[in-house]
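Participant: Dropping a structure here in structure tokens format, bear with me for questions.
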Amino acid sequence: MGSCDGRVVIVTGAGRGLGRAHALAFAAEGAHVMVNDLGVGREGQAGDAVDSPAHEVVAAIEAMGGKAIVDGADVADWKQAEAMVARAVETWGRLDTLVCNAGFLRDRMLANMDEDEWDSVIRVHLKGHFAPARHAATYWRDRSKADEEVAGRIVMTSSGAGLMGSIGQGNYAAAKAGIALLVVQAAAEWGRYGVLVNGVAPDARTRMTEGVIYAAAPDVEWDAKDPANVSPLMVWLGSVACDVTGRIFEATGGQLNVCDGWQHGPVVSVGKRRFAVDEVGDAVHESIAKGSEPASVFGL
């Protein structure tokens, strides 16, 4: 018996790296898995959905005795995202978990970044998380209003870049920061329908990080940056056992930690009157001095 026996799970961007590892891990725990992937390149270059690596993932799941299908929807296309959710329901009669993972990079320093480099990354990451999540939430809301028991789970993929910032990745960092807040917002709005929403900022070796942050996989028994090390957390968050919502976790190797988002810092007050402009500087510095130091931006 697996922790996800019979649950129907969609994993987007599941042809390679983290998404592939997540899809295999869910299948190993008994889930029926829709393996979504467009087969695009690292920087979003056009791929071929017919020959996407998603087919290899489905074959691997079937080889272990699991059930899986390939899906080639563009998750940032509203209608395609809606059709993807509907197809999972039509295939297996239900949807239980959505794992949003699809994305690509177009790295550039902000002063050199062009409009397309900004728009394309924001689209695939931020809209590509919201569109499937919104359609999945609509499905669960309708089930809830029909007095059906709902145990919906959404797991979104943020990044350390989105939590701390990352030099040369302003578009990606902004999108991933948006995803982190989307987790908080969606959890607050969709809990009434039986839907729990959480996020993970993984630290792993993928085609996005290999050769940039990490070297090729070492020939060792324990590879701390293996994407599969992140998958147990993803599976638990996507299972009925999950009992938390609105939280972001960092995960790497054999460790995880919850991340605190924006908090109200120390308040400096001048009472029942407006600040004078020449008072503001001192108040700003006093509040900063009383607060915690922010984490450093990656790359500084």
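What follows is calculated from the coordinates using simple rules that are stated; it is not laboratory data. In this text the structure is predicted, and so the values were computed from the model without any measurement. Virtual Cβ from ideal backbone geometry, glycine too; neighbours counted across all protein chains shown.
Participant: Relative to the longest principal axis of the C-alpha atoms of the chain, give the angle of the C-alpha long axis of helix 277-290, reported between 0 and 90° and rounded to the nearest 10°.
Facilitator: Taking the Cα atoms of the chain, the angle to 277-290 is about 50 degrees.
Participant: Please find the FRET efficiency linking A283 to E90, where r is the Cβ-Cβ separation and R0 is fixed at 41 Å, and quote it to the nearest 0.05. Don't skip to the end; give the middle numbers.
Facilitator: Working: r = 58 Å, r/R0 = 1.43.
Taking R0 as 41 Å, the efficiency between A283 and E90 is 0.10.
Participant: Under the Karplus relation 6.51 cos²θ - 1.76 cosθ + 1.60, θ = phi - 60°, what is the ordered set of whole-Hz ³J(HN,Hα) values for the stretch 130-143, x standing for Gly and Pro?
Facilitator: 5, 4, x, 5, 5, 5, 5, 5, 4, 4, 5, 4, 5, 5
Participant: May I ask you to derive the FRET efficiency for V267 and E115 from their Cβ-Cβ distance with R0 = 45 Å, giving the value to the nearest 0.05?
Facilitator: On the way: r = 39 Å, r/R0 = 0.88.
Given R0 = 45 Å and the Cβ-Cβ separation, E is 0.70.
Participant: Under a GNM of the chain (C-alpha, springs under 10 Å), which listed residue has the highest mean-square fluctuation: V89, V121, V267?
Facilitator: V267
Participant: Also, I was wondering about something else. Along the stretch 152-160, what does the Karplus equation 6.51 cos²θ - 1.76 cosθ + 1.60 (θ = phi - 60°) give for ³J(HN,Hα), rounded to whole Hz, x for Gly and Pro?
Facilitator: Using θ = phi - 60°, the values come out as x, 9, 10, 10, 9, 10, 9, 6, x Hz.
Participant: Projecting each Cα onto the charge dipole of the chain (Lys/Arg +1, Asp/Glu -1 at the beta carbon, about the Cα centre), which of A175, F275, M34 comes out farthest on the positive side?
Facilitator: Value computed over the given set: F275.
Participant: Of the cross-linked pairs K176/K290; K67/K145; K67/K225; K127/K225; K225/K290; K67/K127, which ones have a Cα-Cα span greater than 31 Å in the structure shown?
Facilitator: Values: K176/K290 28 Å; K67/K145 29 Å; K67/K225 28 Å; K127/K225 28 Å; K225/K290 36 Å; K67/K127 28 Å.
With Cα atoms farther than 31 Å apart: K225/K290.
Participant: Taking K and R as +1 and D and E as -1, what net charge do the other residues with C-beta under 13 Å from the C-beta of D71 add up to? If you can, show how the numbers build up before the last one.
Facilitator: Details: positive: R87; negative: D37, D74, D77, E82, E90.
Here the charged neighbours net out to -4.
Participant: So for E279, E56, E149, fewest C-beta neighbours within 10 Å to most, what's the order?
Facilitator: Fewest-to-most ranking of E279, E56, E149: E149, E279, E56.
Participant: Could you tell me which residue out of P227, L237, A146 lies farthest along the dipole of the chain toward its positive end? Charges go on the beta carbon: Lys and Arg +1, Asp and Glu -1, centred on the Cα centre.
Facilitator: A146
Participant: Relative to the first principal axis of the alpha-carbon coordinates of the chain, what is the inclination of helix 78-92, with its axis defined by its Cα atoms, in degrees from 0 to 90 and to the nearest 10?
Facilitator: Compared with the principal axis, the helix lies near 40 degrees.
Participant: Given labels modelled 7 Å from the Cα in the Cβ direction, how far is it in nm from A63 to K290?
Facilitator: The modelled label-to-label distance comes out at 6.1 nm.
Participant: In degrees between 0 and 90, to the nearest 10, how far off the longest principal axis of the chain does helix 170-190 point, with axes built from Cα atoms?
Facilitator: With rounding to tens, the tilt is 80 degrees.
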